[in-house]
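The next block holds one structure in the form of structure tokens; read it before the comments.
Nothing in this text is a laboratory measurement; each read-out follows from the coordinates by a stated rule. Being a predicted model, the structure only gives us computed values, none of them experimental. Note that each Cβ is placed from the backbone with ideal geometry, even for glycine, and that neighbours are counted across all protein chains shown.
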Amino acid sequence: MTGLPLFLLVTLCLASGTLAKKGFGPGEQEWGYVKVRPNANMFWWLYYTTANVSSYYEKPLVIWLQGGPGASSTAFGNFEELGPLDVNLKSRNYTWVKDYNVLFIDNPIGTGFSYANVDSAYAKTNQQIAADLLQCMKGFLSVLPKFSNVPIYITTESYGGKMGAEFALLWYKAQKAGTIKSNLKGVVLGDAWISPIDSVMTWAPFLLATGMVDTAGYNRIDKAAQLTQKAVLAGNWSIATILWSQTENVIYEVTNSIDFYNILTKMRRTQARYSPVDKLLLKSSLNEGYAMSDDAALDRLMNGPVKQALKLPVNHGRNSNNVFNNLRGDFMKPVVDKVERLLDETDMKVMVLTGHLDLIVDTPGTLQWVERMKWKDASAWMKAPRVPLVSGSIIEGYVKSYRNFSMYWVQRAGHMVPKDNPAGMAQLLKSLTS
């Protein structure tokens, strides 16, 4: 916290019950590593809220989990979506830090600043990822125990939603069993890779309905998607991941490089083609031989000023490919059953979020698995009214809720809802934390 007299800084820290550090950028921060398994070290970075409160602990703690798997929360989520600064180090007006304490976790092991000492320490299943995250939170709360009584919410995006669903269930069970002292209250599954094949099988009709392909293009995409589904039904999970990628390549050819994360993004005809995995893993010219300009800037930021300011021991993002490769056999597996268990076995708020313009985890695919779920209040939720999601006098989308489950449809937003429609996201967060 710069520009304040020393006595005022000390007063604020004492009032908040912690001696926070000056990290990178504005506001008070904490960061550190948790050894979640032998040779497996997970990095976390906390931004204390800048809200006008007498204690940081008056505000909830919101955890952000990025996708990929292998994309960095401390980089992409922080500087591209919801942190206090953007990638150009300009202040972000709609940062979540204004209203909440925000914790970014680089997960799974090998993502961002998290690192493995040996190749065998990389996670190979979603179950292992959830267990690692629980250990990370135990370590975090041992360093900052006053957050144990603060309401905590997990927010996620993309593959982060798949990880977050299992993590939330495991954490809740541990909380009830008393093996972790915490106050976990809810989870947001944002454009989440919960049922991968539902996304793949709805790509062709979604693109046809939005005018992005013609019937011939639809048929080419659907043919590739059907092969992917055949592998999924046979339980050939690694092959399904390969066929998923091939289906994406067909889409790129048919659409001339549509943006999987927002179908309305302006694309240059000569623009190089990058798969969604390439883009989310933020491959840089230093480790892959090519990069998109935004990704290169983010890589320079993380491996330059951020790494230096936080005095971190490893390069950022150098092992993202290893993270993904170790999860190839798990990538296409669904976790719908984990969401059903969250609704049947916990009292947490569970929210599913979809951006209308997202392709990779499109709204039609998300709605299919949501409406197919079997849980105790499924029929009542189906009959619940779908009402506008309003900010001021503007309709930002729609929401359908019954008891502890809600689904949010957000307009004018693609895969990165916090970035594309911060006003709509703010309304969801208010409901989540109320």
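Tabulated data
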item	result
Between 0 and 90°, nearest 10: helix 336-345 axis offset from the chain longest Cα axis	50
Area projected by the alpha carbon convex hull of segment 46-205, averaged over all directions, nm²	11.2
Proximal charge balance of LEU353 [Cβ under 15 Å; K/R count +1, D/E count -1]	0
Three-way shape call for segment 325-434 based on the alpha-carbon gyration tensor, with the a/c threshold at 1.5	oblate
Hits among aspartates and glutamates - C-alpha to C-alpha of LYS383 under 16 Å, sequence gap 8 or more where chains match	GLU371
Mean Cα-pair separation over length for the chain, i.e. relative contact order, pairs under 8 Å, 6 or more apart, %	17
Cross-link pairs beyond the 31 Å C-alpha cut-off, checked among LYS185/LYS223; LYS311/LYS333; LYS311/LYS338; LYS173/LYS374; LYS146/LYS338	LYS185/LYS223; LYS311/LYS333; LYS311/LYS338
Within the chain, helix-based [θ] at 222 nm, where runs of 4 or more DSSP H residues each add -39,500 (n - 2.57), nearest 500	-11500 deg cm²/dmol
Tilt relative to the chain, helix 237-255 - C-alpha long axis, 0 to 90 degrees, to 10	70
